[in-house]
Amino acid sequence: MIFDENPIFEITEIIMQERKTGNFKTKRRNITVFSCRISGSADFTCKDEKLTVNKGDILYIPKNIEYSQKTEGETIIAVHLKIYNKVSSSGIECVFPRDKSAAVECFFSMYREWSSKQPGYRQRATALLYELMAEIKTERFKDSENLSSKIINSLTYMKSHFYLPSLSIAEIAAQSNISEIYFRKIWQSLYTDTPARCLTKLRISYAKSLLADGDYSISEIAERSGFSDAKYFSTKFKSVTGKSPSEYRRGH
């Protein structure tokens, strides 16, 4: 997520916009935008994903992204950026600050500084945005620690039982005394991948070490890594690594 990274940027513009009720479709733009709803709300759709943004929420829209928007009326402050270093974020992201009034006031302060055009306005506006990003990063770190503590038992259980072909996500979730649905939600917020994909990657990683050792057959490695049969193992292994188990072994 962009707020977990360290972007190096330049503010090129800060504007305040009022939108009436309507649907909007935005084509690819060569700017990155941070915005905050000062009032109202909007529903965004991007790459078949839907997101609702309300007053005080902070929205990140990278450059060259197409999206549609529906609103019943809103006022926003938008900060246009030019980002110079590479960041991994490729889609729209939203942060829901604990103190939304403070987020709104921060965007107002940036807008006032930019509009004043007084000496040093660019630096002061940039400093405010960096400070806001630091606060968001701190909040997300604390949230991540709290969520991690909820599923630590499940994580430990997955790592120590991944070799069992019968291991299920429901069984893993049960170790933390939470529902499978809630477990999946927490897991994906922390690791971006689904629990099932993480389990597969854990098994593939172990299989790689066995293939490199060269002491076991493909069938034995499949069984020891938690796969139900060698054919399924080979299919999964190639989908993750781009090579068949035999090809990987020859290369190591």
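The values are calculated or read from the model by the stated rules, or taken from the named source; none is laboratory data. Keep in mind that what you see is a predicted model, and the values were worked out from it rather than measured. Don't worry about glycine lacking a Cβ; one is built from the backbone with ideal geometry, like all the others, and counts go over all protein chains shown. Remember, those area values only see protein heavy atoms, side chains included, never the ligands or the DNA or RNA. Shrake-Rupley method; radii C 1.70, N 1.55, O 1.52, S 1.80 Å.
For percent of Cα pairs over 32 Å apart, one of [x] 24; [y] 17; [z] 42 was computed from the structure I shared and the rest are decoys. Which label? Answer by label: [z].
Peptides 177-185, 50-58 ranked from most to least packed give 50-58, 177-185, packing being the mean of other C-beta atoms within 10 angstrom over each peptide's residues.
Our helix-only sum for the chain, with -39,500 (n - 2.57) per DSSP H run of n ≥ 4 divided by its residues, gives a mean residue ellipticity at 222 nm of -15500 deg cm²/dmol.
Looking at the chain, the accessible area is 57 square angstrom per residue; that uses a 1.4 Å probe and ignores ligands, DNA and RNA.
Once the gyration tensor of the Cα atoms in segment 43-106 is diagonalised, the equivalent ellipsoid follows with semi-axes of 20, 17, 11 Å, ordered largest first.
For segment 142-220, the Kirkwood estimate of the hydrodynamic radius, built from every pair of different alpha carbons, is 13.5 Å.
Each Lys and Arg contributes +1 and each Asp and Glu -1, all at the Cβ; summed about the Cα centre of segment 41-190, the dipole is approximately 440 debye. Protection proxy ranking for 43-49, 134-140, using the average of other Cβ atoms within 10 Å per residue and placing the highest first: 134-140, 43-49.
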